[in-house]
Each structure stands twice: as structure tokens, then as C-alpha cells.
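Accompanying notes for the structure given below.
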Amino acid sequence: MPHPKDNERYTYADYCSWDDGKRWELHEGVAYAMTGPLTAHQSISMQLSEILNGFLRGKSCRPFAAPYDVRLNPLDGDDTVVQPDLLVVCDKSKITDKCCVGAPDFVIEILSPTTIRHDRLLKFNLYLKAGVREYWIIDPESKTAQIFELKDGRYIASVYDEVSCVPVKTLPGLEINMADVFVEM
């Protein structure tokens, strides 16, 4: 199949058959086309990638960057595939040669004008349901980080500004200085 059609439900197997050259995500069977990131988005992604790579070098957890498929519900319909901007997986059994199978420990999404609703609502609920332990939403416009930590089946939220040092709860010992994240802006 060259690409998905509106008003149809899909699984990971369907997703793997699309060959139209576009990036897609599946949210509970519904296909969403991905748009290309803006310069600010890429700059923030690069800064965070460097920080995560440096901290995790030689440790058991592994960082990944988009495009990298994450199958959030492989045992329950296998109809949700996301490509977070950045993610960390600490359980190596979830890593295959093609994707992450199951919830990552830590996910970062960087807002773009076209992804605000997906990141703040749809993906928020998908990550919560899948059990992602820590979810960050980085907003290049306001230069803030909204942090969600999973506790007792709910996300507890905190917000940090561009001069804050933010502890990464899922990676003890790592604090991210937001001034370093927004340095190129």
C-alpha cells in the first residue's frame, strides 16, 4: 500500500507497508502524517542529543532520536507507533534492529506550530497509557520545559524556564541546564 487512507484503522504491520516516502505515526490505529521540523526545533534537538549522549556513554540506558519508531502497545492491538523527537530506553530487551517495542523510560517532544495539539493532548495520553515514566515537552517559543513524571498512574507536572537546571528523574545524576538547550536561539 503506498499510503494510508482517511477514516481507516491501521496496525504496525500496515504501517510497515507504506512506501510513499513520508513519515507517519499511528495513534490508536489512526494515521498522522509528520511534518518537517523547523530550525529552532532542530537546534534544541541537537543540544539535548549531545547532553543525553554524553551522560549515557558507557551506561546501560540508550538514547535515540527521530525518526525512530516506538511501538507503544505491541501486545494490545499494535496500532500505536510514534516517533518521539528524543527518547531513552533502559530495558535493552525493548530494543530491536528496527524499533523500540514498548514504552521508553524517558521521552522528549519539541513543539512545532503543527504538533502542539498532538504533543500536548494525543501523545500525552498515549505516553501516560503506555507507562512512559517521564515525558518532557519543550516549547521553543516560550523557552520552557513542561515535565511530566509518572506517579501512581498519573502525570505530575512541573514547568521550568530557560534559566532552570532540570533534574531528569529517570536518569539519576543528570541535570539539564535549560540555558544550554536554548543556547542557539
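Starting from the eigenvalues of the Cα gyration tensor, five times each then square-rooted, give me the equivalent ellipsoid semi-axes of the chain, largest first, whole Å. Working shown, then result.
On the way: eigenvalues 139, 68, 49 Å².
After scaling each eigenvalue by five and taking roots: 26, 18, 16 Å.
How much FRET efficiency would the formula 1/(1 + (r/R0)^6) give for N125 and R57, where r is the Cβ-Cβ distance and R0 is 30 Å, rounded to 0.05?
On the way: r = 33 Å, r/R0 = 1.10.
The formula returns an efficiency of 0.35 here.
Taking Rh as the Kirkwood radius computed over C-alpha pairs, what is the Stokes-Einstein D of region 78-133 at 10 °C in a medium of viscosity 1.306 mPa s, expressed in µm² per second? Could you put the intermediate results ahead of the total?
Working: Rh = 11.9 Å.
The calculation lands on 133 µm²/s.
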> So what's the net charge close to N53: Lys and Arg +1, Asp and Glu -1, counting the other residues with Cβ under 15 Å from its Cβ?
Replying inline: 0
> Where does region 84-185 land on Rg(C-alpha)/(2.2 N^0.38 Å)?
Replying inline: 1.07
> With Rg and the Kirkwood Rh both taken from Cα atoms, where does Rg over Rh land for region 14-82?
Replying inline: 1.04
> Leaving out same-chain residues fewer than 8 places away, which lysines sit with a Cα under 25 Å from that of K169?
Replying inline: K59, K92, K94, K123, K129, K143, K151
> How long is region 134-184 along each principal axis, judged by its Cα atoms, biggest number first, in Å?
Replying inline: 36, 24, 12
>> Ranking request for peptides 72-80, 173-181: highest mean number of other beta-carbon atoms within 10 Å first, then the rest in descending order.
In response: 72-80, 173-181
>> Using the Karplus curve 6.51 cos²θ - 1.76 cosθ + 1.60 with θ = phi - 60°, what ³J(HN,Hα) values do you get for each residue of region 86-102, in whole Hz, with x for Gly and Pro?
In response: 9, 8, 10, 10, 9, 9, 4, 5, 7, 9, 10, 6, 10, 6, 9, 10, x
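I'm checking a number: the convex hull volume of the Cα atoms of region 109-148, normalised per residue, in Å³. What is it?
Numbers: hull volume 2.0 nm³, N = 40.
Taking only Cα atoms, region 109-148 has a hull volume of 51 Å³ per residue.
Please identify every one of the trypsin sites (Lys or Arg not before Pro) in region 31-95 that sits in a loop by DSSP and has no more than 16 other beta carbons within 10 Å of its own beta carbon. The partial results should precede the final answer.
Details: sites: R57, K59, R71, K92, K94; in loops: R57, K59.
The qualifying sites are R57, K59.
Laboratory data are not the source of any read-out in this text; all were calculated from the coordinates shown. Please read all numbers here as calculations on a predicted model, not as lab measurements. As a convention, Cβ positions derive from the backbone with ideal geometry for all residues, glycine included, and neighbour counts pool all protein chains shown.
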